[in-house]
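Everything below concerns the one structure shown next.
The values are calculated or read from the model by the stated rules, or taken from the named source; none is laboratory data. Nothing here was measured: the structure is a model prediction, and the numbers come from that model. FYI the Cβ positions are ideal-geometry reconstructions off the backbone, even for glycines, and counts take in every protein chain you see.
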Amino acid sequence: MDRIELLKKLTLESGISGSENKIAEILKDELKSCSSFKKDNMGSISFEYEGSSNKPKIMFVAHMDEIGFIVADILNTGFLKLQNIGGWNPNTLLSSPVEVINSKGEKFPGIIGAVPVHFLKNRQDMKPEIGNMFVDIGAASKEDVEKNFGIQLGDQIVPVTNFHYSKKNRCMFSKAFDDRVGVAAVIEIGKILAEKKHPNTVYCVGSVQEEVGTRGAQTIANYTDADICIVLEGAPADDIPGIPYTSQTGVGKGAHVRLFDPTMILKSELKDFVIECANKNDIKIQLTVRKGGGTDGRQLHVANRGIPSIVLGVPVRYAHSHNCIASMDDFDELIKLLERIVEKLDEKKLKEILK
């Protein structure tokens, strides 16, 4: 499967926090022929690639979950109330298509609705709130929802979109690039490692429940013996009108290299090593200081005695919405960077990073 088809498959599949099993299955299908794997009790999955040395042990980790909703209430009229799973901008939601997935895996189309302006006393702009929204699946009553559709409290409500690829600029349009681009990178580097020699041991990991507080990473942190952690992300792009500062994460301008966010400060020796790998191999990168947000690195960089960690990724416009944009050029640059890191990160380099 080529990279575009892989990203199409990953982004169109559903997998909100706590329901990542379909994404884990894709990981298994793509990597099981070249590596053994383990799963923890929360659902995170890890593949191991042995190189010429046991150390250093490098972990590439990407979270498998996407944001979405669950059924929080079923009204007598047949409408469904929402509980958001992860952070949504309510302005993006009204009239958006969704699917409700019952416990049998059956999918039913729906639309996110709210009281239209025709029935409002004050037609001035009103701030959308998820608590005022509902999902309309065309059901006639609560009994209809439960008996005919088989929908119950806690069932998934997931965004529906289409995947488009533009050959003119190599841009991709779909949902859930945060963090299915990271998952795709885990798969790609796993396939590369199966075919080439490397001076280390590598873990390729898909984590769960990142979007609701990096919970899967906390479990991974309890048992990991990694020496270096590289978090792979779909990083929110800031190259759009209205951003009140200089863009640092632009679509089509290279791989995202995060130096700081409120949950993790990058170790300077690791920063220098990654930048050197990029510069010596003419790999396009974008250095970024983030004033908000966080990743699985929040948990992993303080695990055990401390694991030097870095966030690398692909810029994503309109992250945390039904429709996002990412560049295949940026994805390719990220994969080239990961290859060089694995080639150059041996035990001697680890000692320099840890000094």
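Brief remarks on what is shown
- Condition check for R215: over 22 Å from V274 (Cβ atoms), charged (D, E, K, R), surrounded by fewer than 22 Cβ atoms within 10 Å (Cβ to Cβ) and in contact with an Asp or Glu (Cβ under 7 Å, 6 or more places away or on another chain): no
- Odd one out for F260 among (1) closer than 29 Å to L12 by Cα; (2) surrounded by fewer than 18 Cβ atoms within 10 Å (Cβ to Cβ); (3) aromatic (F, W, Y): (1)
- The number of residues in region 147-161 that are surrounded by fewer than 16 Cβ atoms within 10 Å (Cβ to Cβ) and in contact (Cβ under 8 Å) with a residue 24 or more places away in the chain comes to 4.
- Any chance K267 is touching a Phe, Trp or Tyr at 6+ places or on another chain (Cβ under 9 Å) and within 19 Å of D227 (Cβ to Cβ): no
- Looking only at region 98-140, residues that are modelled with pLDDT of 95 or more, under 21 Å from T77 (Cβ atoms) and surrounded by 15 or more Cβ atoms within 10 Å (Cβ to Cβ) come to 13 in all.
- Of all residues in region 232-264, those that are touching a Phe, Trp or Tyr at 6+ places or on another chain (Cβ under 9 Å) and under 21 Å from V302 (Cβ atoms) total 1.
- Any chance G86 is outside the structural domain of G293 (by TED's automatic domain parsing), out of contact with any strand residue (DSSP E or B) (no Cβ under 6 Å at 6 or more places or on another chain) and under 27 Å from E20 (Cβ atoms): yes
- Yes/no for V181 being assigned by TED's automatic domain parsing to the domain that holds I23, in contact (Cβ under 8 Å) with a residue 40 or more places away in the chain, closer than 23 Å to E13 by Cβ and of a type in the set (V, I, T): yes
- S35 meets each of the listed conditions (1) surrounded by 15 or more Cβ atoms within 10 Å (Cβ to Cβ); (2) out of contact with any Phe, Trp or Tyr (no Cβ under 9 Å at 6 or more places or on another chain) apart from (2).
- Subset of region 162-199 [farther than 16 Å from I325 by Cα, acidic (D, E) and part of a helix (DSSP H, G or I)]: E188
- Residue check for F60: crowded, with 23+ Cβ neighbours inside 10 Å, over 17 Å from D178 (Cβ atoms), touching a helix residue (DSSP H, G or I) at 6+ places or on another chain (Cβ under 6 Å) and in contact (Cβ under 8 Å) with a residue 40 or more places away in the chain: no
- If you filter region 318-355 down to residues that are over 18 Å from the mean Cα position of the chain (by Cα) and among the aliphatic types (A, V, I, L, M), you find that the one that is surrounded by the fewest Cβ atoms within 10 Å (Cβ to Cβ) is L354.
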